[in-house]
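Here it is: the structure, laid out below.
The values are calculated or read from the model by the stated rules, or taken from the named source; none is laboratory data. What you see is a predicted model; the values in this text were computed from it and never measured. Positions of Cβ are backbone-derived with ideal geometry, glycine not excepted, and every protein chain shown enters the neighbour counts.
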Amino acid sequence: MKFVTQQLAKALLGVALVCALALPAMAQEMKIGVVSLPALIERAPQTKVAMDALQEEFAPRQREFQAKQKEYEDMAAKAQKDVAVMGETERRNLEKDLRELQRDLTRLQNEFQEDLNVRQNEEYGLLQRAMLKQVQDYAEAQGYDLIVGDGVLYANSAANITDDVLRAVEANYQATSAN
């Protein structure tokens with residue numbers, strides 16, 4: 001019986017020793033931050049540059065659409081003005097031309113919008129990956145143990161580091177733009 005008591009005492013001492021050693025590790029505070037990735041992407045300078053590039057990329061197609069629209073409006077105004085003096089055949093041909101032009105306009109607008117949406121999604125994906133990398137780099141540099149983003153139900157304003165990360169993103173952008 002004495003042997004069992006000694007073994008039990010050794011086991012309890014071992015458990016107490018493990019707990020004593022683990023206590024400082026558990027007592028160490030974790031550094032946690034919250035980042036709103038949508039807000040970061042919206043306010044990052046890279047976003048403005050990407051959107052301006054998209055605007056420039058699609059400007060020729062936008063001008064083409066606007067020219068077709070002006071052509072349609074001019075033709076419709078002419079038809080409205082001259083309908084009373086036109087012959088039946090001339091009126092039918094003009095109406096046919098107007099319908100074809102309207103179909104072309106609709107097709108151009110749909111193609112333009114679809115292509116623009118695809119390119120915007122591509123650029124947004126690139127921006128999202130770049131911002132995630134920036135957040136990770138910032139967290140490592142600042143010694144954060146955990147950064148949370150989407151799905152946060154509550155975060156104290158002291159834990160929200162979105163503005164700090166944005167400043168780091170802007171500084172990195174300016175440093176790379178200067179080179």
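Just checking, which of Gln66, Gln55 is of a type outside the set (A, V, I, L, M), in contact with a helix residue (DSSP H, G or I) (Cβ under 9 Å, 6 or more places away or on another chain), at pLDDT 90 or above and exposed (fewer than 13 other Cβ atoms within 10 Å of the Cβ)?
Details: Gln66 fails: in contact with a helix residue (DSSP H, G or I) (Cβ under 9 Å, 6 or more places away or on another chain).
Matching residue, one of Gln66, Gln55: Gln55.
Something else: What are the residue pairs meeting all of these: first residue in segment 23-36, first residue charged (D, E, K, R), second residue surrounded by 10 or more Cβ atoms within 10 Å (Cβ to Cβ) and modelled with pLDDT of 70 or more, Cβ atoms under 7 Å, and 6 or more apart or on different chains?
Sorted first by the residue in segment 23-36, then by its partner, the pairs are Lys31/Tyr144; Lys31/Asp145.
Checking Asp82 against (1) surrounded by 11 or more Cβ atoms within 10 Å (Cβ to Cβ); (2) among the acidic types (Asp, Glu); (3) modelled with pLDDT of 90 or more: exactly one of these is not met. Which one?
The number of the failed condition is (3).
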